[in-house]
1. If I go through the range 395-436 residue by residue, how many of them are over 23 Å from residue 377 (Cα atoms) and free of Cβ contacts under 8 Å to residues at least 60 places away in the same chain?
2. Quick check on my filter: what residues within the range 322-345 are open to solvent by 10 Å² or more (accessible area, probe 1.4 Å) and either closer than 29 Å to residue 161 by Cβ or more than 20 Å from the chain's Cα centre (by Cα) (or both)?
3. Between a first residue in the range 31-45 that is without any contact (Cβ under 8 Å) to a residue 40 or more places away in the chain and a second residue that is open to solvent by 30 Å² or more (accessible area, probe 1.4 Å) and part of a helix (DSSP H, G or I), which pairs have beta carbons less than 9 Å apart while being 6 or more apart in sequence or on different chains?
4. Could you list all residues from the range 91-111 that are over 21 Å from residue 262 (Cα atoms) and among the basic types (Lys, Arg)?
5. Given the residues 135, 183, 131, 177, which is the only one that is more than 24 Å from the chain's Cα centre (by Cα), touching a residue at least 40 places away in the same chain (Cβ under 8 Å), surrounded by fewer than 20 Cβ atoms within 10 Å (Cβ to Cβ) and closer than 30 Å to residue 433 by Cα?
6. If you go through the range 386-393 one residue at a time, do you hit one that is touching a Ser or Thr at 6+ places or on another chain (Cβ under 8 Å), within 30 Å of residue 100 (Cα to Cα) and of a type in the set (D, E, K, R)?
7. Out of all the residues in the range 381-402, is one or more part of a helix (DSSP H, G or I), within 21 Å of the chain's Cα centre (by Cα) and over 30 Å from residue 134 (Cβ atoms)?
8. Output the residues belonging to the range 249-268 that are part of a loop (DSSP other than H, G, I, E, B) and either closer than 13 Å to residue 327 by Cα or open to solvent by less than 10 Å² (accessible area, probe 1.4 Å) (or both).
Amino acid sequence: MSTLTKESVEMNEIKQMKRIASLDFQRGLAIFMMVVLHEIQHIYDISWATNIDQLLQKSPLIIASVFLLAFLSGWAGYFLLISAIVNVLAMTKKAAKGYDPNKILAKQILTGVGLLIVGAITEGLFYYGYIGSSIRSKGTTTWAIHTVEDFWQRFGRAFFTMETLQAIGWCMIINGIIHYFLIKNKGYLKIKRNVLIYAGLTFAILALSYPIWRLIDPLYPIWPNEGTARSYHNFVTYIFVVLTGDLEPLFPFLSVSFIGSIIGILLAKPKPSNKIPQYLGMTSLGFAILGGILLVVGEITKDPLVRFDFTWNRPNLSYFMFLLFAWIGVVALLLNYVEYKGNPEKFANRRFVRTMRLWGIVALTVYSLQIFSLLPRWIFSFLVDDDLVRDKLPYEKAGYVLLVALFVTYCYHLLIVAWSKKNFKYSFEWFIVRLASLGTKEVSNRLDVDTIMNKTYWISFKEPIVIDEKEKIEVIPKINSEE
């Protein structure tokens with residue numbers, strides 16, 4: 001390990017991009033999990049597992065696998081949490097460096113709007129939209145003779161569902177506005193005040209979720225349900241979808257964004273407290289306890305909005321609390337293991353972590369291009385008797401499903417590696433970066449693959465070891481090296 005003076009480190013930091021390795025890893029991990037889990041969901045008929053009596057007759061391994069798959073199916077909000085941490089961390093850091101809060105706000109709003117546009121394109125045209133559903137259709141109807149009504153049924157979901165991109169987009173806009181008022185006039189220095197405000201907003205969203213669900217859900221025959229929403233296509237229904245619809249509405253997912261904001265504020269301090277992992281661990285445990293209480297209440301009252309139930313749709317309250325427990329817990333564990341143990345560079349350059357970091361650079365694009373999975377599934381179909389583009393496979397082919405999912409995931413990886421050679425030009429991130437630059441007049445270098453992968457200063461929160469009190473020379477990890 002080399003030693004550097006404090007002054008030389010500061011000079012190097014000016015020239016290099018500074019990042020938090022565990023967050024970069026988790027952004028990629030979240031999208032990697034999404035690809036694997038969505039692929040299993042798309043090609044495997046899991047309906048048999050909804051019969052609990054039938055499920056319990058299977059082997060313990062099968063039962064455990066089903067419950068794990070069901071629990072992880074709700075992890076889309078994990079990506080939202082990581083995004084919120086990174087966004088608020090960046091906003092706070094920029095404000096502390098003297099950036100104009102108005103430009104910071106403009107960038108957040110433009111980025112949020114960009115995500116909403118990308119979300120509309122993704123949901124309206126791609127895998128679940130007009131093009132994707134037409135490809136996957138078993139009928140003989142061609143695109144040329146589809147009626148306007150048919151087009152609307154396929155494209156209309158773009159406006160009447162709250163998927164991950166829409167959730168992140170709306171949360172970026174709302175959080176951007178809130179954080180603008182908190183950081184202006186050097187408000188970024190009022191850390192305790194800002195944390196308390198976000199904590200209050202978090203519990204307000206969680207507390208209001210149940211009564212707002214109770215108010216809106218009865219207004220429609222089946223709610224939340226995107227099909228129902230499209231049958232009542234008007235502006236009021238759209239607002240209700242944003243607030244309480246499928247799949248990640250603001251109530252309760254805006255609370256995830258606020259929790260991420262708290263973590264981002266704490267990590268933005270010049271010297272983050274070494275107790276942050278402990279605080280997050282206790283918060284995580286608190287949500288687990290709250291989830292347990294709601295679980296008991298739900299079983300007693302038989303209230304479907306409270307009782308525990310795995311679902312692909314809007315999670316009920318007890319399930320949501322357990323999800324918060326898991327997401328915050330993972331963030332706490334990785335921060336403690338990486339940044340607070342003082343080994344971020346070693347961690348960042350491990351092979352699997354580097355792969356996840358690469359995926360994380362274009363996580364939104366990977367999420368948007370689920371339609372790409374149809375190509376490797378079509379290729380794989382030539383090797384078997386099944387139509388993997390249109391059919392779902394039965395219980396007996398569970399192992400086969402996993403093999404297909406891994407093959408598709410590897411094809412995504414090949415696409416990402418090839419695209420990285422051109423710094424992901426024309427990806428959704430590429431367009432969003434340029435849209436956001438309209439507010440700051442600066443184009444971010446967040447798609448410079450070589451810099452991010454090989455020339456980054458990895459932040460450590462471990463206290464340096466002082467070896468000469470008189471000269472104040474500190475031993476710190478080498479800034480960057482390839483193992």
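The values are calculated or read from the model by the stated rules, or taken from the named source; none is laboratory data. Small disclaimer: the values here were computed from a predicted structure and weren't measured. Note: ideal-geometry Cβ built from the backbone for every residue, glycine included; neighbour counts use all protein chains shown. These accessible areas exclude ligands, DNA and RNA; they are computed on the full protein's heavy atoms, side chains included. Shrake-Rupley method; radii C 1.70, N 1.55, O 1.52, S 1.80 Å.
1. 8
2. 322, 325, 326, 329, 330, 336, 337, 340, 341, 342, 343, 345, listed by residue number.
3. Close Cβ pairs (under 9 Å, with a partner that is open to solvent by 30 Å² or more (accessible area, probe 1.4 Å) and part of a helix (DSSP H, G or I)) amount to 37/69; 37/72.
4. 103
5. From the options 135, 183, 131, 177, the qualifying one is 131.
6. Scanning the range 386-393 turns up no residue that is touching a Ser or Thr at 6+ places or on another chain (Cβ under 8 Å), within 30 Å of residue 100 (Cα to Cα) and of a type in the set (D, E, K, R).
7. No, because not a single residue in the range 381-402 is part of a helix (DSSP H, G or I), within 21 Å of the chain's Cα centre (by Cα) and over 30 Å from residue 134 (Cβ atoms).
8. 249
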